[in-house]
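Engineer: Okay, handing you the structure first.
The values are calculated or read from the model by the stated rules, or taken from the named source; none is laboratory data. Every value quoted in this text rests on a predicted model; they were computed, and no experiment measured them. Note that we place each Cβ from the backbone using ideal geometry, even for glycine, and neighbour counts take in every protein chain shown.
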Amino acid sequence: MSPTTLYAPESVSRPAVPSTTLLDTLHDALVSERRLLDDLIAQMRRQRAAVASDDIQGVDDSTFATHRILATLGQARQRRRQLNVLLGGSEDCTLRELEELLGEQVDDRFRDARVRLQQAADVLTREVGMNRKLLREALSNTDQHVRTLVGAPVAPSTYGAEGLAPTTPGAPRGVLFNRAV
């Protein structure tokens with residue numbers, strides 16, 4: 001018996017023709033992800049409105065909803081990674097790479113779903129950027145307001161170049177000592 005009969009012939013690794021059910025499932029996954037991104041965009045806008053109106057409960061509610069949506073989005077992305085593998089790609093295969101891999105099997109509704117998902121991701125990126133900027137400004141304004149109310153120095157105390165803390169005239173000194181001693 002020759003050794004060649006013991007081993008299966010090597011085959012070229014080509015993805016099998018995916019079924020229409022698998023392609024439909026991928027389309028549904030893309031649509032689901034886009035809806036979740038749209039929900040996140042709505043939460044970013046609610047959060048911005050809550051910050052603008054000093055609605056702390058609204059900010060808290062939008063933050064909780066954002067975490068919930070992000071958890072669901074993580075599951076949706078895991079589902080898409082599994083579909084990528086089933087369709088012959090890798091887990092980290094981008095949608096464009098998957099489209100190239102599938103070739104003529106990709107229809108217009110897949111392309112439309114991909115484009116809409118990418119547009120939603122772009123909008124979400126802008127919304128998150130605006131919220132970060134707004135929240136940074138709100139924290140800075142709140143910090144400045146509290147410093148003004150308590151009479152604290154405008155700039156936070158830091159060590160000087162010589163290793164000594166800068167002194168501020170009129171600042172209460174010795175407040176930390178226990179006077180009962």
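Engineer: Criterion first (out of contact with any strand residue (DSSP E or B) (no Cβ under 6 Å at 6 or more places or on another chain), closer than 21 Å to Thr125 by Cα and at pLDDT below 95) does Val85 satisfy it?
Structural biologist: No.
Engineer: Here is a follow-up. For residues in the stretch 45-78 being among the charged types (D, E, K, R) and surrounded by fewer than 16 Cβ atoms within 10 Å (Cβ to Cβ), which is nearest to Val128 (Cα to Cα)?
Structural biologist: Going through the qualifying residues, I end up with Arg45.
Engineer: Could you say whether any residue in the stretch 142-159 is hydroxyl-bearing (Ser, Thr, Tyr) and at pLDDT 90 or above?
Structural biologist: No, the stretch 142-159 contains no residue that is hydroxyl-bearing (Ser, Thr, Tyr) and at pLDDT 90 or above.
Engineer: Would you point out which residue out of Arg136, Arg126, Arg116 is closer than 22 Å to Thr66 by Cβ and exposed (fewer than 11 other Cβ atoms within 10 Å of the Cβ)?
Structural biologist: Unique residue meeting the criteria: Arg136.
Engineer: Would it be correct to say that Gly129 is more than 15 Å from Ala29 (Cβ to Cβ) and free of Cβ contacts under 8 Å to residues at least 60 places away in the same chain? Lay out the reasoning, then the answer.
Structural biologist: Values: more than 15 Å from Ala29 (Cβ to Cβ): yes; free of Cβ contacts under 8 Å to residues at least 60 places away in the same chain: yes.
So Gly129 fits the description; yes.
Engineer: Any idea which residue in the stretch 96-106 is farthest from the chain's Cα centre (by Cα), counting only those that are closer than 19 Å to Thr21 by Cβ and surrounded by 13 or more Cβ atoms within 10 Å (Cβ to Cβ)?
Structural biologist: Among residues in the stretch 96-106 that are closer than 19 Å to Thr21 by Cβ and surrounded by 13 or more Cβ atoms within 10 Å (Cβ to Cβ), the one farthest from the chain's Cα centre (by Cα) is Gln105.
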